[in-house]
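Student: One structure, pasted below without further comment.
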Amino acid sequence: MLFPTVTFAVFFMIVLPTSWALMSRPRAWRAFIILASYVFYGWWDWRFVFLLAASTVVNHVVAVAIFRAESLAARKALCALGVAFDLGLLGYFKYTDFFLSSFDNVFGTSFLANVTLPVGVSFYTFMAISYVVDTYRGQLEPASFSRFAVFQAFFPHIVAGPIVRASELLPQLEEPRSPRRVDTSRAFFLIVSGLFLKVVIANHLSTHIVDDVFAAPKQHSSLEVLVAVYGYAVQIFADFCGYTNIAIGVALLLGFEFPQNFASPYAAVSLQDFWRRWHMTLSRWLRDYLYIPLGGNRKGRILTYRNLLLTMLLGGLWHGAAWTFVVWGGIHGVGLSIERLLGWRPHTRVQQWLGRVITFHVVCFGWIFFRADSFTLAWQVIERLFTAWGRPSPLVTTSIVLAILVGVLVQYVRPPVVTGLLAGFQRLSIVAQAACVAVALTVINALGPVGVAPFIYFRF
C-alpha cells in the first residue's frame, strides 16, 4: 500500500480513530495495530506477511534467550545465530540473483533463481538486528512478544524506514498518549511537504528528464546529461525525504515520535557532514553496528581507512544488489578516507562554501553509478558530460531548472524560518488550518502525475 493513494487515505481514516479509541486498552490496541500493519504490508503481496511474521518470531525468541543466558559464550552464540538468520534472510531474497548472475557471467552458466524481493525487507531486517545486538550488549531488555511485533511491523516505517531503534520506539508504547497532545500542525506540515517533494518535485524530474537520459545517454546533449545528473540528485532526495516526512507525520498523528532522517544533506560541507545529514537513521546504524565493531578509528590510521571503506562498500551493497551500488559506496568510502587523511575541517565561510560545492559534486558523481542500470550506461553518462556540448537540449526546460533549484535551495532554509511558519499555522483556527491543507493537497494533485509514482527506495 502506498501513502499517496486513495486506498491509504481510506485505510488511515479507519486506523487513526480506532487507534485512539483503543489507546486506553493496551492489549487490544497492540492487537489492532499489528493487524492493521500486516494488512498494510500484505496489500502488495500477502505471502510476504508470513516472512515478516517469521522474522518477528525468531528474533523475539533469540533476544529472550540471550537475555536469559547465564554465560557470555552462550549469549555470543545466540547473538551470532540471530544475526546470521537475519542476514541469511536478507541475503536470500536480496542477493541470490545478484551472486548467481555474477557467477553466470564468470563461468557462462545459467543459474538465475528470479527471487522476488519483498518490500521493506532491508529496513525491518536491520531493525531486527539492532534489537538482537542491543539485547546482547545489555543495552535493552526484551519486550513482550506483542510489543516487539508492533515495533517490527508498525506500518508507518515498515516499507522504507526510517530505521527506528527499539530503544526509540518501545518506551513510547508504555507512555500514556492523548490526541490532545499530538502536534497536528507539525504532522500536517510533514505530510504535505512530503507529498509535495515526492509527488511534484521527484516525479517531475524523473519523468521529464532523468529516466530518459539515464536510459540512453548517447541520445542526449552534454547539457541535458549534466542537468539530469543534478536532477537525479534532487529526485532521490525529494523522493526519499518526502516518503520519510510522510511516515514521520503519520506516526505523529498516531502519537509516536520517529527520529529525523534528513537534515539538509546538500548543504553539507564535507562527506562526513553529508552522512550526518543523509538517511541519518541508516548512517547511525552503519556506525554503531558495523564501523565501530570493525574497530572504528581506535586501531590506527590504516585500519581506520579500511573500516571506512568496508562500511561504505557494505552500505552500498545494502542499497541494491548490483556492482554499481558497490562502486557508489566505494566512492564515498574513498572520499571519507581522503577527508580524514587531509584533516579537512572547514572553518571560514569561504572554506565552508568551497566544501559545499566539492561535496555536492562528489555526491552527484556517485549518484551516476547509483542510478545507472549498468557500468556501461554509467560510463556513457560520464563520457557524454564532455563530448556533446553545443547540441540542442530540449529536455532542459524552465520547469526542470526550477524544480532542481527548489530542491537544492530549500535545504538552505534556516530552521527558525520553518519554526516560524509552523507557529503561524498553529495560530490559525481549525477551519483555516483545514482550508490551508485542502488548498495544498489540491495544488499537489494538480501538479502531480496521473496515477501513482513509485518510490525509489521500495526496491531497496
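Here, each number is a calculation from the coordinates, and none is a lab measurement. Every value quoted in this text rests on a predicted model; they were computed, and no experiment measured them. Please note: Cβ atoms are built from the backbone with ideal geometry, for glycine as well, and neighbour counts cover all protein chains shown.
Student: Relative to 2.2 N^0.38 Å, what does the C-alpha radius of gyration of the stretch 6-180 come to as a ratio? Two decimals please.
Tutor: Its radius of gyration relative to the 2.2 N^0.38 Å reference: 1.17.
Student: With N set to the residue count of the chain, report its C-alpha Rg divided by 2.2 N^0.38 Å to two decimal places.
Tutor: 1.01
Student: What's the extension gain from Thr398 to Ala53 if we count 0.36 nm per residue and subtract their Cα-Cα distance?
Tutor: Residue separation times 0.36 nm, minus the Cα-Cα distance, leaves 119.3 nm.
Student: Right, another one. Given R₀ = 25 Å, what would the calculated FRET efficiency be for Val182 paired with Ala435, taking r from the Cβ atoms and rounding to 0.05?
Tutor: 0.80
Student: So for the pair Ala215, Ser71, with labels modelled 7 Å out along Cα→Cβ, what separation do we get in nm?
Tutor: 6.1
Student: Using the basic label-point model (7 angstrom from Cα toward the beta carbon), what is the Leu354 to Arg27 distance in nanometres?
Tutor: 6.6
Student: Applying a 10 Å radius around every beta-carbon, put 443-449, 222-228 in order of their mean neighbour count, most first.
Tutor: Most protected by this proxy first, the peptides run 222-228, 443-449.
Student: Oh, and also: For the stretch 318-421, state the average projected area of the convex hull of the C-alpha atoms over all orientations, rounded to one decimal in nm².
Tutor: Taking a quarter of the hull surface, the average projection is 10.3 nm².
Student: Can you pull out the trypsin sites (Lys or Arg not before Pro) in the stretch 295-348 that DSSP calls coil and that have at most 11 other Cβ atoms within 10 Å? It would help to have the intermediate numbers written out before the result.
Tutor: Values: sites: Arg298, Lys299, Arg301, Arg306, Arg340; in loops: Arg298, Lys299.
Filter output for the stretch 295-348: Arg298.
Student: Karplus couplings for the stretch 11-17 from phi (6.51 cos²θ - 1.76 cosθ + 1.60, θ = phi - 60°), rounded to Hz, Gly and Pro as x?
Tutor: Going residue by residue, I get 4, 6, 5, 8, 5, 4, x Hz, with x marking Gly and Pro.
Student: So what's the back-of-envelope 222 nm ellipticity for the chain, counting only DSSP H runs of four-plus at -39500 (n - 2.57) apiece and dividing by all residues, rounded to 500?
Tutor: -22000 deg cm²/dmol
Student: I would also like to ask the following. How about the stretch 1-90: which chymotrypsin sites (Phe, Trp or Tyr not before Pro) there are in a DSSP loop, with at most 12 other Cβ atoms within 10 Å of their Cβ?
Tutor: Trp46
Student: Suppose a student asked you for the relative contact order of the chain, using Cα pairs under 8 Å spaced at least 6 residues apart; what percent would you report?
Tutor: Details: 571 pairs, mean separation 83.9, N = 460.
Averaging sequence separation for qualifying contacts and normalising by length gives 18 percent for the chain.
Student: Right, next: Want the number for Leu303 to Val443: 0.36 nm per residue separation, take away the alpha-carbon distance, what's left?
Tutor: 45.2 nm
Student: Along Cα→Cβ, 7 Å out, is where each label goes; now give me the distance between the ones at Tyr289 and Thr387 in nm to one decimal.
Tutor: Taking the simple label geometry, Tyr289 and Thr387 are separated by 4.3 nm.
Student: Would you work out the relative contact order for the stretch 6-180, in percent, from Cα pairs under 8 angstrom that are 6 or more residues apart? Mind dumping the intermediate values first?
Tutor: Values: 158 pairs, mean separation 48.3, N = 175.
Value for the stretch 6-180: 28 percent.
Student: OK, next. Want the number for Gln426 to Tyr92: 0.36 nm per residue separation, take away the alpha-carbon distance, what's left?
Tutor: Details: separation 334, 0.36 × 334 = 120.24 nm, distance 4.82 nm.
In short, 115.4 nm is gained.
Student: Still on this model: Size of the dipole of the stretch 6-180 about the Cα centre, Lys and Arg at +1 and Asp and Glu at -1 on the beta carbon, nothing else charged, in debye to 20?
Tutor: Dipole about the Cα centre, nearest 20: 500 debye.
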